[in-house]
Amino acid sequence: MEKPELNNNQTDAIIEVKNLQIKFGKQEVLKDVTLNLYKGENLVVLGKSGSGKSVLIKCIVNLLTFKNGTIKVFGDDILLMNRNEISSMRKKIGFLFQSGALYDSMTVKENIEFPLRRIKSELNEKEIDEKVKEVLENVGLIDSINKMPSQLSGGMRKRISLARTIVIDPLIMLYDEPTTGLDPITANEISELIKNIQEKYNTASIIITHDIHCARTTADRLVMLREGEIYLEGNLKQFEESKDEMIMSFFK
């Protein structure tokens with residue numbers, strides 16, 4: 001399918017993926033994928049299960065290795081980075097896992113403090129406390145600061161995971177199915193929160209989702225993957241006005 005022309009004057013790509021290919025055994029999961037993420041934008045990646053969406057962002061942070069293609073983050077090729085350089089790069093990226101991945105044995109406060117103490121070791125106790133309270137206020141859960149994860153609803157756990165991710169002041173956010181498993185009202189709240197975080201922290205984000213409401217709420221630009229390839233790239237209007245049957249099946 002022919003790609004539409006984009007009216008995008010941005011030139012400062014902070015993630016550049018070019019001709020990315022990855023296989024698991026004989027299965028080719030990503031096939032010659034090329035895309036950019038620009039400073040300050042939310043890029044939504046759509047696609048059915050198994051289309052390679054989550055594999056893409058795991059490659060970006062080197063959680064999955066690849067041999068064919070290139071990925072540059074902040075202008076640096078991740079395949080040429082050593083272990084320390086990979087670690088330094090990851091400190092600038094917030095990754096919200098689909099599961100939330102909170103530590104069940106820690107309180108909310110301790111969960112959020114954990115990455116701060118590892119990555120922002122120069123902060124004193126007062127500064128850590130202030131930072132924890134700031135991000136909890138930003139996600140609307142300051143009253144849950146001393147609770148255990150088991151005491152939280154699914155939506156609350158997702159918000160705490162988001163607070164823990166943004167507490168290190170990442171320049172890039174990667175969201176893996178942020179609304180999966182949530183009721184429609186809570187999913188809408190998380191989508192609005194993603195948009196608010198972009199505006200407040202000026203983050204650039206890749207949002208992996210099959211939730212069209214989330215896409216409509218958060219996207220500055222969209223890419224659809226189909227069977228490991230980019231099927232369509234454009235803005236929301238271009239997707240919503242598409243007469244392609246597969247695109248229409250997502251946006252009806």
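Just so it is clear, none of the values below were taken in a lab; they were calculated from the coordinates. The shown structure was predicted, so the numbers you read here are calculated from the model rather than taken from an experiment. Backbone-built Cβ (ideal geometry, glycine too); neighbour counts: all protein chains shown.
Here are some notes:
- Look at (1) in contact (Cβ under 8 Å) with a residue 60 or more places away in the chain; (2) more than 15 Å from the chain's Cα centre (by Cα); (3) outside any loop (DSSP other than H, G, I, E, B) and you find that Ser49 fails only one, number (3).
- Qualifying residue in the range 38-52 (condition: of a type in the set (Ser, Thr, Tyr) and over 25 Å from Lys237 (Cβ atoms)): yes
- Restricting attention to the range 69-96 and to residues that are charged (D, E, K, R) and part of a strand (DSSP E or B), the residue that is surrounded by the fewest Cβ atoms within 10 Å (Cβ to Cβ) turns out to be Asp77.
Conditions tested, residue by residue: (1) more than 25 Å from Pro115 (Cβ to Cβ); (2) among the hydrophobic types (A, V, I, L, M, F, W, C).
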{"site": "Ile166", "(1), (2)": "no, yes"}
{"site": "Leu171", "(1), (2)": "no, yes"}
{"site": "Gln198", "(1), (2)": "no, no"}
{"site": "Asn202", "(1), (2)": "no, no"}
{"site": "Ser205", "(1), (2)": "no, no"}
{"site": "Thr209", "(1), (2)": "no, no"}
{"site": "Leu232", "(1), (2)": "yes, yes"}
{"site": "Leu236", "(1), (2)": "yes, yes"}
{"site": "Met246", "(1), (2)": "yes, yes"}
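- Screening Phe66 against (1) crowded, with 16+ Cβ neighbours inside 10 Å; (2) under 23 Å from Lys39 (Cβ atoms); (3) aromatic (Phe, Trp, Tyr) leaves a single unmet condition, (2).
- Put simply, of Ile190, Ile197, Ile166, Ile160 the only residue that is touching a Cys at 6+ places or on another chain (Cβ under 9 Å), more than 20 Å from Val55 (Cβ to Cβ) and of a type in the set (A, V, I, L, M) is Ile190.
- Residues of the range 47-62 satisfying the condition of being crowded, with 20+ Cβ neighbours inside 10 Å and of a type in the set (A, V, I, L, M, F, W, C): Val55, Leu56, Ile57, Cys59, Ile60
- For the range 189-203, the set of residues classified as surrounded by fewer than 16 Cβ atoms within 10 Å (Cβ to Cβ) and within 14 Å of Val45 (Cβ to Cβ) is empty.
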